[in-house]
Structure formats: C-alpha cells, structure tokens
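S.K.: Below are the structure tokens for one structure; questions will follow.
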Amino acid sequence: MTLNETIISFTSSTLRSPWNDLLKEELQRPYMISLTNFLNSEREKGKIIYPKKNEIFAAFEHTHLDQVRVVIIGQDPYHGEGQAHGLSFSVAKNVALPPSLKNIFKQIQNDYPKVKFKNGCLIPWAKQGVFLLNSVLTVEGGKPGSHANKGWEIFTDRLIQELNAQNRPIVFLLWGNYAKLKGGHIDPKKHFILTSPHPSPLSAYQGFLGNEHFKLANEFLEQNGMRPIDWSIH
C-alpha cells in the first residue's frame, strides 16, 4: 500500500474524526502529492522508512482534534529499528527508552516525585488529549533529518494552525529551536506556550531539566476548568 493509499484508508476509516476533513483536503494539495511520490520512490529503492506506513498517522488516531488539551512537538521520528510508532518521543512498550525520553521522565518526576513509568509508550497520554506531533512524520532508517524539507513541515504547520483556531485554550510544549519555530503559528494570548531547550542529552542540562513544564501545564488546565494530565505510564 502506498502512502497515498494509507492516507485514503485512514481518512475513510475515521469519518467521524474531526481531523478527517482537514486531512482529506491536504491530501489533494500539490506538496502532498510530491511528498507521497518521494516516499513511494524511496521505498521502491529498498530504503527503510520509519515508522511503518500504518503508524504514520497514529497521533491522529489516538487523539482527536476536539480532545486536544496539550501539544508536544517533536522534530522527526526516531530513526532506529523498532523505535518510531507515530507519536513524538514515544516508543513501543518493549523498546528501550531513548535518551530524550529518559530526560522527559526525569523532569516529570522532578515535578511529581511519585509518578512511575513502566515503559516508554506514551499512548496513555494521547488518550487523555496530549497530541504527540512530530514536525516531520517519516525518516529514513539511521539517517535523522533525512525527510526534512520534503513537505511534512507544510502539513504540520497546517495542523498547528488548525489547533490554534480551536475555541478552547491549549498548552503547547515547544522544546528546542526546531519546535519553537512552530510557535509562530500559535496565538500566545489565546493559548499557553511553554518553551525550553530540547530534552536531548546535548541540551537537557541547559534548561530542559528544571523547566517544570508538566506541572505548569496541569496548573493551566485546572485554572481553565480542564482535568490535569496523569503523566504516569502504567
């Protein structure tokens, strides 16, 4: 199944999803046609692409548009075998924690010392309204950043514009310069934007650890009449 067919299948199977009309509209745009042609060509050359085709849009399946309360923006998927599964910073239950995710968990425990994590699968967050979006939704195995500037950034900018247009306030967690660029599409008077260095080991000790983002996000949600996020992973 090509990416184009994957998107069509996804939108057809989720007709009740508020994401559906937006995805179907974007699919028809020239940049998306070019992107799908690129990905199909790369696969035909035998290149390994992550995540699997049926997991590229996993973030949309687990968190519908009208349920989004918090947005965490990553750069591109993990490029190691078995790691990426369509949610930013998340890995499947049986996969070792990547360094960035270890630091994310470390900061959560700084905010909430009693919180526990049994694995690195962040689907429980997604089910509570945490939209785990990468700026670029695919990557070639072993080559971080390899699918940058192929069209995904246009697609995710459009998604963030749609989130910005929502009537309710949303928390946006922007870690690192790449994510901060996405902040240009967000109205700070309407939404709560938190920025810091990236949780990567290269920058975590330059301001990510100690940023209190998870606690601040929950405080904002409660102040606006919404349930706080349970950051534990059972």
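The values are calculated or read from the model by the stated rules, or taken from the named source; none is laboratory data. These numbers come from a predicted model, not from an experiment. Because the Cβ atoms are built from the backbone with ideal geometry, glycine has one as well, and the counts that use them run over all protein chains shown. Areas reflect the complete protein model, heavy atoms only, side chains present, ligands, DNA and RNA absent. Shrake-Rupley method; radii C 1.70, N 1.55, O 1.52, S 1.80 Å.
S.K.: Pick out, from ASN167, GLY151, ALA92, the residue whose Cα sits farthest towards the positive end of the charge dipole of the chain, with +1 on the Cβ of Lys and Arg and -1 on the Cβ of Asp and Glu.
M.R.: Sorting the options by dipole projection puts first ALA92.
S.K.: Step through the residues of the stretch 122-127 one at a time and calculate ³J(HN,Hα) from phi using the Karplus curve (6.51 cos²θ - 1.76 cosθ + 1.60, θ = phi - 60°), rounding each to whole Hz and writing x for Gly and Pro.
M.R.: For the stretch 122-127, the Karplus-derived couplings read 8, 4, x, 5, 4, 5 Hz, x marking Gly and Pro.
S.K.: Might you tell me the accessible area per residue for the chain, computed with a 1.4 Å probe and given in Å²?
M.R.: I get 47 Å² per residue for this part.
S.K.: Here is a further query. Of all the Cα-Cα pairs you can form in the stretch 96-234, what percent are over 18 Å apart? Walk me through the intermediate numbers first.
M.R.: On the way: 5794 of 9591 pairs.
Of the Cα pairs, 60 percent sit more than 18 Å apart.
S.K.: If you don't mind, there's one more thing I want to ask. Mind giving me the FRET efficiency for LYS180 and ALA92? R0 is 30 Å, r the Cβ-Cβ distance, nearest 0.05 is fine. Spell out each step's value before the answer.
M.R.: Numbers: r = 28 Å, r/R0 = 0.95.
For R0 = 30 Å, the calculated efficiency reads 0.60.
S.K.: In whole percent, and with a 1.4 Å probe on the protein chains, what portion of the accessible area of the chain is carbon and sulfur?
M.R.: Exposed carbon and sulfur together represent 50 percent of the surface.
S.K.: ASN164 to GLU81: extension gain in nm, 0.36 nm per residue of separation minus the Cα-Cα distance?
M.R.: Answer, rounded to one decimal: 26.5 nm.
S.K.: Something else about it: Sequence-distant or interchain residues sharing an amide H contact under 5 Å with PHE172, placed H: which?
M.R.: Correct list: VAL71, PHE192, ILE193, LEU194.
S.K.: Moving on. Which aspartates and glutamates, if any, have their Cα less than 13 Å from the Cα of LYS114, not counting same-chain residues under 8 positions apart?
M.R.: Those aspartates and glutamates meeting the cut-off are ASP230.
S.K.: Same structure again: Rounded to a whole number, what is D in µm²/s for the stretch 13-96 from Stokes-Einstein with the Kirkwood radius over alpha-carbon pairs (25 °C, 0.890 mPa s)? Present the calculation step by step, with values, prior to reporting the outcome.
M.R.: Values: Rh = 14.6 Å.
The estimated diffusion coefficient comes to 168 µm²/s.
S.K.: What percent antiparallel are the DSSP beta bridges of the chain, to the nearest 5?
M.R.: Numbers: 3 of 18 bridges.
Expressed as a percentage, antiparallel bridges in the chain total about 15.
S.K.: Stick to the Cα atoms of the chain, pair each with every other, and give me the Kirkwood hydrodynamic radius in Å at one decimal.
M.R.: Details: mean 1/r = 0.0555 Å⁻¹.
Evaluated over the chain, this radius sits at 18.0 Å.
S.K.: What's the extension gain from ILE48 to SER200 if we count 0.36 nm per residue and subtract their Cα-Cα distance? Before the final figure, lay out the partial values.
M.R.: Values: separation 152, 0.36 × 152 = 54.72 nm, distance 2.41 nm.
Fully extending the segment from ILE48 to SER200 adds 52.3 nm.
S.K.: Counting each DSSP H run of 4 or more residues in the chain as -39500 (n - 2.57), what helix-only mean residue ellipticity at 222 nm follows after dividing by all residues, to the nearest 500 deg cm²/dmol? Mind dumping the intermediate values first?
M.R.: Working: 9 runs with 87 residues, N = 234.
Only helices count here, giving -11000 deg cm²/dmol.
S.K.: If you wrap a convex hull around the alpha carbons of the stretch 130-192, what volume per residue comes out, as a whole number of Å³?
M.R.: Per-residue hull volume (Cα only) is 89 Å³.
S.K.: Which lysines, on any chain, are close to LYS24 with Cα under 18 Å apart, when same-chain ones fewer than 8 places away are left out?
M.R.: LYS53
S.K.: For ILE49, list long-range residues whose amide hydrogen, built 1.01 Å from N in the peptide plane, is under 5 Å from its own amide hydrogen.
M.R.: GLY141
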